[in-house]
Amino acid sequence: MKVIRAKSAGFCREYAVQGKRPVFTDGPLIHNSQMMEKLESEGIREVGDYTSQTKLDLGLSAEEKQAAVMVVRAHGISPERRTYLKGLGMDFRDATCPDVGIIAGKVKLYARKGFNTVIFGDPKHPEVMGLMGYTEGRGHVIKTEADIDALPPLGDKVCMVSQSTMFTFEFERLADYLRQKYPEAQVFNTICGATRERQSDVLVLAEEGAEAIVVIGGRHSANTVKLAALVEKQELPCFHVETAAELDLAQLKKYKVVGVTAGASTPGFLIDEVCERLTEL
Ligand code: SF4
């Protein structure tokens, strides 16, 4: 079997905080359980909930707090959450992805100018919940045309952004729809470069002759699930796995050329294992 690995597969960012101090993260640092297990074995502990909303009771003494570090995940957080975490009395490190920081900056700027913000994304995703915190109470999350129809009248000042990991073609379609209602809307396609590249690489794999595509990544990882949906949209068989152990080798054996791609939070060692297993076939 020939195995084609997408250029963009896997980890999009290195994490800044490593070392011997106790490290806490406000929710899972990344949506990949294998990587979270690895991080835990290195002393990085996930506290808080997926959406970074609940109060944290770490039960640490003043001394222990002094030694510990609290890390903000790549998804970012709302300004309120930032103030809360900073007030916990621990060293504070912000690992918000710069691409998410740029979206937050845009939302903040336009909210200050009195704009209503429309965010294309998943209302329950921590990135979107964090961004909503910058809208000065005038934020609306949409996923479909029907959601746009259901918006209250937004007036002349409307700004639209996207969660960083959405589909570009859906964003453009919804932006056009929004512009029909609000021709003056300020629209910013804030889907990050890494996501766009991963999406276009699926098309490249199909062009290069992949008869089926293996997508590696967490089942709770929004961008991995989207990649799998994009493969299905190309009408190619899709095998979404978290690890090499989950590969359906009996089925995969049927194909001569198999493409491999992976979500943003999939570490390289998992991709290597999958590629090795497929190459053995
Ligand atoms: S997927 Fe995009 S926004 Fe998310 S961490 Fe990677 S580069 Fe940043």
Residues of segment 179-196 classified as of a type in the set (S, T, N, Q) and in contact (Cβ under 8 Å) with a residue 40 or more places away in the chain, total: 3
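Determine which member of the set 171, 269 is touching a Phe, Trp or Tyr at 6+ places or on another chain (Cβ under 6 Å) and in a helix (DSSP H, G or I).
When all the criteria are applied, what remains is 171.
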Selection status of residue 56, touching a Gly at 6+ places or on another chain (Cβ under 8 Å) and either assigned to a helix (DSSP H, G or I) or away from the ligand (no atom under 16 Å from the Cβ) (or both): yes
Segment 150-162 residues that are among the basic types (Lys, Arg), paired with ones that are modelled with pLDDT of 95 or more and surrounded by 15 or more Cβ atoms within 10 Å (Cβ to Cβ) (beta carbon under 6 Å, 6 or more apart): 157/115
Pair list, Cβ under 6 Å, 6 or more apart: segment 86-110 residue farther than 20 Å from residue 120 by Cβ and within 11 Å of the ligand (Cβ to nearest atom), other residue in a loop (DSSP other than H, G, I, E, B) and open to solvent by 30 Å² or more (accessible area, probe 1.4 Å): 95/15; 95/16
Candidate set: segment 136-166, residues that are crowded, with 21+ Cβ neighbours inside 10 Å and assigned to a loop (DSSP other than H, G, I, E, B); chosen: the one nearest to the ligand (Cβ to nearest atom): 164
Positions within segment 61-78 being more than 17 Å from residue 46 (Cβ to Cβ) and either under 19 Å from the mean Cα position of the chain (by Cα) or within 16 Å of the ligand (Cβ to nearest atom) (or both), in sequence order: 78
Checklist (1) under 16 Å from the mean Cα position of the chain (by Cα); (2) buried (at least 17 other Cβ atoms within 10 Å of the Cβ) applied to residue 219, failing item: (2)
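Taking the conditions exactly as written (within 19 Å of residue 218 (Cα to Cα) and at pLDDT 85 or above), does residue 73 satisfy them or not?
Working: within 19 Å of residue 218 (Cα to Cα): yes; at pLDDT 85 or above: yes.
The answer is yes for residue 73.
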Within segment 223-262, considering residues that are hydroxyl-bearing (Ser, Thr, Tyr) and in a loop (DSSP other than H, G, I, E, B), the one nearest to residue 199 (Cα to Cα): 243
Subset of segment 249-281 that is of a type in the set (Val, Ile, Thr) and open to solvent by 10 Å² or more (accessible area, probe 1.4 Å) - its residue that is farthest from residue 227 (Cα to Cα): 279
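The values are calculated or read from the model by the stated rules, or taken from the named source; none is laboratory data. Just so you know, these numbers come straight off a predicted model, no measurement behind them. FYI the Cβ positions are ideal-geometry reconstructions off the backbone, even for glycines, and counts take in every protein chain you see. Surface areas here come from the heavy atoms of the whole protein model, side chains and all, with no ligands, DNA or RNA. Shrake-Rupley method; radii C 1.70, N 1.55, O 1.52, S 1.80 Å.
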